[in-house]
Each structure stands twice: as structure tokens, then as C-alpha cells.
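Engineer: Would you mind keeping the following structure in view while I ask a few things?
The values are calculated or read from the model by the stated rules, or taken from the named source; none is laboratory data. This one's a predicted model, so the numbers in the text were calculated from it and none came from an experiment. Because the Cβ atoms are built from the backbone with ideal geometry, glycine has one as well, and the counts that use them run over all protein chains shown. Only protein heavy atoms, including side chains, enter the accessible area calculation; ligands, DNA and RNA are left aside. Shrake-Rupley method; radii C 1.70, N 1.55, O 1.52, S 1.80 Å.
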Amino acid sequence: MPQQLPNIRALSKAELKSYFLENGHKAFRATQVWEWLWQKSALSFEEMSNLSKEMRTALEADFELPHITLDLRQKSKDGTIKSRFKLNDGHLVEGVLIPAEDRFTACVSSQVGCSLSCKFCATGFLDLKRNLRADEIYDQVCMINRQSLEHYGAPLSNIVFMGMGEPLLNYKNVLQGIDRITAEDGLNISPKRITVSTVGIAKMIKKLGEDEVRFNLALSLHAANDTKRDKIMAINESNNIEVLTEALQYFHEKNPKSKISFEYILFKGFNDTKKDAQELIELCSKVPAKINIIEYNKVEDVEFEKAGEKRRKGFVALLEKAGITATVRRSRGEDIDAACGQLANKTLA
């Protein structure tokens, strides 16, 4: 069996420069290749047209340039596009393009499957296979951006890490991927346009603060007391609300320009009462956050139901009366299992 070649996109710019110098080439060649990899999103060495044929052949002999491919695409009646991407080892992940009047958002995955088993999330019923590499995260953004340009004539305006997996359990690769997406010598997308969502890994939230990240942070909350959150999110047993509050306060202190939001799915008869709203208001008095109220999207074999419109409006009114910014996020792509909590690599019927 032939030995597997190293992935060229796993190299730093300094390592790439060393490679060219050691092989008798000028250092500027590293900058040229780097631009092809991370600015122009080249899928092969053959595309690198300002390199000689000999140099392209040498690169192909020394490195691999793996990239994800589109395995399946579905378009919702509301314009949402769900893509199933195949990784070079055959694993599958999903990403979603969510179009709106004033924005085009890519929802990307960070892991193949998930280990956290949240009771309302389809991905939580899948086994965790592996973490995505930084270049695979980058590729999702590139491919969804192409879809946005092709279908809507506009580039992506926002990126959310709310697809399959827990981003903070793939910390290094997620941050490296975001670096390539936001860097001037990468895709040059503003970090203010990126939101990383976590179910709540307190020590990693603190690490985000210490690393002084510039992107926004969303906590997948869904209940503001431990008794209810324990029932739907096993992670709460080791990262309860008090511990998370302290971590979020630390994050805000270290990154005052980064925005914090709470994601809150309203479940009928579970977390949609006045008492639930008051507990959420109390939490917001400790952490400067806005609230995204999310409509529950049906997941097979899960008993939860969507809260009614009257209950939702009353819940939001209580938050707004307390001076909290609350936005209702409408379901998008539910008919193709592309909405929040539905990503599970389901094929077309």
C-alpha cells in the first residue's frame, strides 16, 4: 500500500516556505501557493497556473490536496438549500444555506456526528465518528458561498457553527478554520459575521476568552434552570447554569466586543411558562446576552412539540418588558430536514 502523502493545507505558511527553500526555490513561491489554497480555494495543484508545470508536478508528488465534495443537495420551498458533503474518507456531514432578505447565512458542521445526545436534536442520535479538519470546515464555507452566488447572486453575509457536532470539542480545528475564513490572506470574512454555538463547555468558553477570539458566541440554553436543562441536555450535569454563567462572564470580560446570545427553543408545556421567562430574565441580568427564540422543528421519535403562537408571543413580551432583546427565529428548510436540530444525513424519500 502506498504511503499516504501529507495534506498540504495542514502546513503553516512558515512550513510551506521551508519546503520551497529546502527544495531550492524562492520563498515567494510559498506565498503564491498559500494564495491558491486559502484565497482562491484551489481544488487541485493543476489550477495553480502561475507555477511551472514542473513545480506543480513536484507538489503533486509530495502532497495531497483533499477536499470535500457535494454528495446530495436539496432545496426547500422557502429557498433554503441543504447540502450533504462527502469527506475524503467517505464520512458525510451536512451544511445549510439560509437565504433571507438582508442576509445569506451558512450553517456549517464541526464534527461527523455528535457525542452529546441532546434529547431534541437529530444529530444527537448519531454516533460521533471524528472531528472535522480545519480545511474541511473552510471547504463547507466555500461551497455554500458558491451556492449563494449561483442561486441568489450574492455572497455569504454570515456564518454560524450550528450544524452537526459540538464546535468546542473540536476547538483547535474550528479556530484554525475560522482563522483561514477571516484572515486577509484567506477569505477575509469579518469575524463579527461569525457565530460559534456551544451546548456549554465551561472550560472551553473560558479558553475562548483567554484566546481573545473576535467572533460571537451563542449558548444553546433552552432552559434557565438546572432541573429542566438536565432532562434535555446531559452536558448540564457537569456544566450547570451557575458554572456556565461564570464562564460567560469571564468570556465577556476578556472579549467585550464579542456578542453573546442564548439560543432558546420553545417546547410546548416544558419551558414556555411565565416562570421560565422570569428565570431567563434573571440569567440575562448576570450575562449581557440577547435571546434568540427558536421554533421547535419536529425530529423523528422525539415527543416534544412546538409551543403555540399565543404562548410564544407572551413569552417574548415578558422578555422585552424586562428590557431584553429577543428575536424569534422562524424555521427554515423544515420540509427537507434542514432546520435547527434536524441535521442527520437523511436521504431523499
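Engineer: How far, in nm, would the chain grow between K321 and K254 when pulled straight, counting 0.36 nm per residue and subtracting the alpha carbon separation?
Structural biologist: Extra length available between K321 and K254 comes to 21.2 nm.
Engineer: Let me cross-check E46: its accessible surface, 1.4 Å probe, with only protein heavy atoms counted, in Å² to the nearest 10?
Structural biologist: 100 Å²
Engineer: What whole-number value in Å² describes the accessible area per residue of the chain for a 1.4 Å probe?
Structural biologist: 48 Å²
Engineer: What is the Cα convex hull volume of segment 11-88 when expressed per residue in Å³?
Structural biologist: Cα convex hull per residue, to the nearest whole number: 113 Å³.
Engineer: Between A100 and T69, what length in nm is gained on full extension when 0.36 nm per residue of separation is reduced by their alpha carbon distance?
Structural biologist: Computed gain between A100 and T69 is 8.6 nm.
Engineer: Subtract the Cα-Cα distance of R329 and D211 from 0.36 nm times their separation in residues, and report this length gain in nm to one decimal.
Structural biologist: So the chain would gain 39.5 nm between R329 and D211.
Engineer: Still on this model: Take the residue pairs K13/K172; K207/K321; K228/K268; K203/K298 and return only those whose Cα atoms are more than 23 Å apart.
Structural biologist: Violating the 23 Å limit, Cα to Cα: K207/K321; K203/K298.
Engineer: What's the local net charge at F20, with K and R +1, D and E -1, over the other residues with C-beta under 9 Å away?
Structural biologist: +2
Engineer: Restricting attention to segment 98-161, which chymotrypsin sites (Phe, Trp or Tyr not before Pro) occupy a DSSP loop and are surrounded by at most 12 other Cβ atoms within 10 Å?
Structural biologist: Here no chymotrypsin sites (Phe, Trp or Tyr not before Pro) fit, given the DSSP loop and packing criteria.
Engineer: Turning to a different aspect of this structure: Computing the accessible area with a 1.4 Å probe over protein heavy atoms, can you report the carbon and sulfur percentage for the chain?
Structural biologist: 49 percent
Engineer: Let me ask something additional. I'd like the per residue volume of the convex hull spanned by the Cα atoms of segment 20-140, given in cubic angstrom.
Structural biologist: Expressed per residue, the convex hull around the Cα atoms of segment 20-140 is 157 Å³.
Engineer: What ratio of Cα Rg to 2.2 N^0.38 Å holds for segment 122-188?
Structural biologist: 1.21
Engineer: Between K86 and D185, with labels modelled 7 Å along Cα→Cβ, what's the label distance in nm to one decimal, could you check?
Structural biologist: Label at K86, label at D185, 3.4 nm between them.
Engineer: Leaving ligands and nucleic acids out of the surface, order K203, K129, K321, K86 by accessible area at 1.4 Å, largest first.
Structural biologist: Listed by decreasing accessible area, they come as K321, K203, K129, K86.
Engineer: Among S44, S52, S261, whose mean-square fluctuation peaks in a Gaussian network model of the chain (Cα, cutoff 10 Å)?
Structural biologist: Highest fluctuation of the listed residues: S52.
Engineer: Heavy atoms of the protein only, probe of 1.4 Å, neighbouring chains included. What is the accessible area of D62 in Å², nearest 10?
Structural biologist: Rounded to the nearest 10, that gives 60 Å².
Engineer: Of the peptides 287-294, 184-191, how do they stack up when ordered by the mean number of other Cβ atoms within 10 Å, highest first?
Structural biologist: In descending order of packing, they fall as 287-294, 184-191.
Engineer: State the number of lysine pairs found in segment 39-86 whose Cα atoms come within less than 27 Å, restricting to pairs 8 or more positions apart or on distinct chains.
Structural biologist: Lysine pair count for segment 39-86: 6.
Engineer: What does DSSP give for the chain in terms of the percent of beta bridges that are antiparallel, rounded to the nearest 5?
Structural biologist: In the chain, DSSP labels about 40 percent of beta bridges as antiparallel.
Engineer: Starting from 0 in steps of 20 Å, tell me what percent of the Cα-Cα pairs of the chain lands in each bin.
Structural biologist: It works out to 29, 55, 15, 1, in whole percents.
Engineer: Sticking with this one: Could you compute the FRET efficiency for D127 and E246, with r as their C-beta to C-beta distance and R0 at 30 Å, rounded to 0.05?
Structural biologist: FRET efficiency, D127 to E246: 0.40.
Engineer: Another one. Using +1 on the beta carbon of Lys and Arg, -1 on that of Asp and Glu, and nothing else charged, what's the dipole of segment 6-108 about the Cα centre, debye to 20?
Structural biologist: The calculation lands at about 220 debye.
Engineer: Using the Kirkwood radius over C-alpha pairs as Rh, can you work out the diffusion coefficient of segment 129-234 via Stokes-Einstein at 20 °C, viscosity 1.002 mPa s, in µm² per second?
Structural biologist: 143 µm²/s
Engineer: When the expected Rg is taken as 2.2 N^0.38 Å, what fraction or multiple of it is the alpha-carbon Rg of segment 179-245?
Structural biologist: 1.35
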